[in-house]
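Following: one structure in structure tokens, then a few remarks.
The values are calculated or read from the model by the stated rules, or taken from the named source; none is laboratory data. Since we're looking at a predicted model, the values are computed, not measured. Here the Cβ positions follow ideal geometry from the backbone for every residue, glycine too, while neighbour counts run over all protein chains shown.
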Amino acid sequence: MKKIYKLLKIIIALLLIPFCISSIYTIGEVISYNNILSITYAMIVVGIFVWVLVYHFFPEPKRFYILGHELTHAIWSLSFGGKIKGISVKSTGGETLITKSNFATSLSPYFFPFYVVLIIFIFSIGNFFWNWNSYILIFYFLIGFLYASHLTYTFKILKIEQPDIIEHGYLFSTVIIFLGNMIVLLIGITLFNSNINVLRSLNLWIEHSVKIFDSLKSLFF
């Protein structure tokens, strides 16, 4: 049964590769809908630059990342009906005890930027009740800073042998992690773009994916 399950994951991963390829093209297309030199993108880039300085010249905020990592496991487990029995966070690592786990809960910290989603949620609530438009540039700065930290630690931790990755297979895990990050990035860029909405961006992504499948179909059949 385990061999069949592994084979199924490999097949799913291969079928998802065209979606990975099309996501790169779609993100470029969505960016082209807006001025790349706009203040929005400028503040995001500043946030990324500041993160690079913090990462290289200040003590690493390991506990900060590990806390987000473990909370992501917990949130995704809860979303699938699981329960949280305990969360442990140390500078050397962390652990989350949950009652329900699957590939999404296991791999979620690698494609779900916890702090980015948290800051978007906080700002959305604040803007709705107290009109936080005057803080919009700070918001963009934090998005760049926090997303850069997410990608940095994702790449760093994936260099180490991870039980989550081994459990679900390297090919399947890599495809899911890459695709998850691309979807988050696609939706995030769209939220900062007044010329295209999320639904249109996702439709473009599906359209480009279908074109790739059609090309593969004509190539092999």
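Do we have any residue at all in the range 125-134 that's surrounded by fewer than 17 Cβ atoms within 10 Å (Cβ to Cβ), under 20 Å from the mean Cα position of the chain (by Cα), more than 23 Å from LEU53 (Cα to Cα) and β-branched (Val, Ile, Thr)? Scanning the range 125-134, I find no residue that is surrounded by fewer than 17 Cβ atoms within 10 Å (Cβ to Cβ), under 20 Å from the mean Cα position of the chain (by Cα), more than 23 Å from LEU53 (Cα to Cα) and β-branched (Val, Ile, Thr), so the answer is no.
Return a yes/no flag: does the range 124-137 have any residue that is closer than 30 Å to LYS6 by Cα and modelled with pLDDT of 90 or more. Looking for residues that are closer than 30 Å to LYS6 by Cα and modelled with pLDDT of 90 or more, one finds none in the range 124-137, hence no.
Yes/no per residue for (1) assigned by TED's automatic domain parsing to the domain that holds PHE213; (2) among the aliphatic types (A, V, I, L, M); (3) surrounded by fewer than 17 Cβ atoms within 10 Å (Cβ to Cβ):
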residue	(1), (2), (3)
LEU7	yes, yes, yes
GLY28	yes, no, yes
THR72	no, no, no
ILE87	no, yes, yes
LYS90	no, no, yes
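Against the list (1) modelled with pLDDT under 85; (2) under 18 Å from GLY94 (Cα atoms); (3) among the aromatic types (Phe, Trp, Tyr), the condition TYR153 fails is (1). Reported count of residues in the range 135-175, each being within 19 Å of GLY68 (Cα to Cα), crowded, with 19+ Cβ neighbours inside 10 Å and β-branched (Val, Ile, Thr), is 2. A residue that is crowded, with 16+ Cβ neighbours inside 10 Å and on the phi > 0 side of the Ramachandran plot cannot be found anywhere in the range 97-112.
LYS83: more than 19 Å from ILE143 (Cβ to Cβ), loosely packed, with under 12 Cβ neighbours inside 10 Å, of a type in the set (Lys, Arg) and assigned by TED's automatic domain parsing to the domain that holds GLY188, yes or no? For LYS83, the condition - more than 19 Å from ILE143 (Cβ to Cβ), loosely packed, with under 12 Cβ neighbours inside 10 Å, of a type in the set (Lys, Arg) and assigned by TED's automatic domain parsing to the domain that holds GLY188 - is not met. Being under 22 Å from PHE112 (Cβ atoms) and modelled with pLDDT of 90 or more is true for just one of PHE192, PHE213, PHE172. Which residue is that? Answer to the check: PHE172.
Of all the residues that make up the range 47-94, how many are assigned to a strand (DSSP E or B) and modelled with pLDDT of 95 or more? It would help to see each step written out before you state the result.
Here is the first cut: in the range 47-94, the ones assigned to a strand (DSSP E or B) are 84-90, 93-94.
If we keep only those that are modelled with pLDDT of 95 or more as well, we get none.
So the count comes out to 0.
Out of the residues in the range 1-41 meeting the condition of being among the basic types (Lys, Arg) and without any contact (Cβ under 8 Å) to a residue 12 or more places away in the chain, tell me which one is farthest from SER215 (Cα to Cα). The extreme case among them is LYS2.
Taking first residues from the range 62-89 that are more than 15 Å from PHE114 (Cα to Cα) and partners that are small (Gly, Ala, Ser), the Cβ contacts under 8 Å between residues at least 6 apart in sequence or on separate chains come to PHE80/ALA104; GLY82/SER101; LYS83/SER77; ILE84/ALA74; ILE84/SER77; ILE87/ALA74; ILE87/GLY94; SER88/GLY94.
In the list MET43, MET1, which residue meets the criterion of being surrounded by 15 or more Cβ atoms within 10 Å (Cβ to Cβ) and either in the same structural domain as GLY144 (by TED's automatic domain parsing) or modelled with pLDDT under 85 (or both)? So that I can check it myself, show each step before the final result.
On the way: MET1 fails: surrounded by 15 or more Cβ atoms within 10 Å (Cβ to Cβ).
The match here is MET43.
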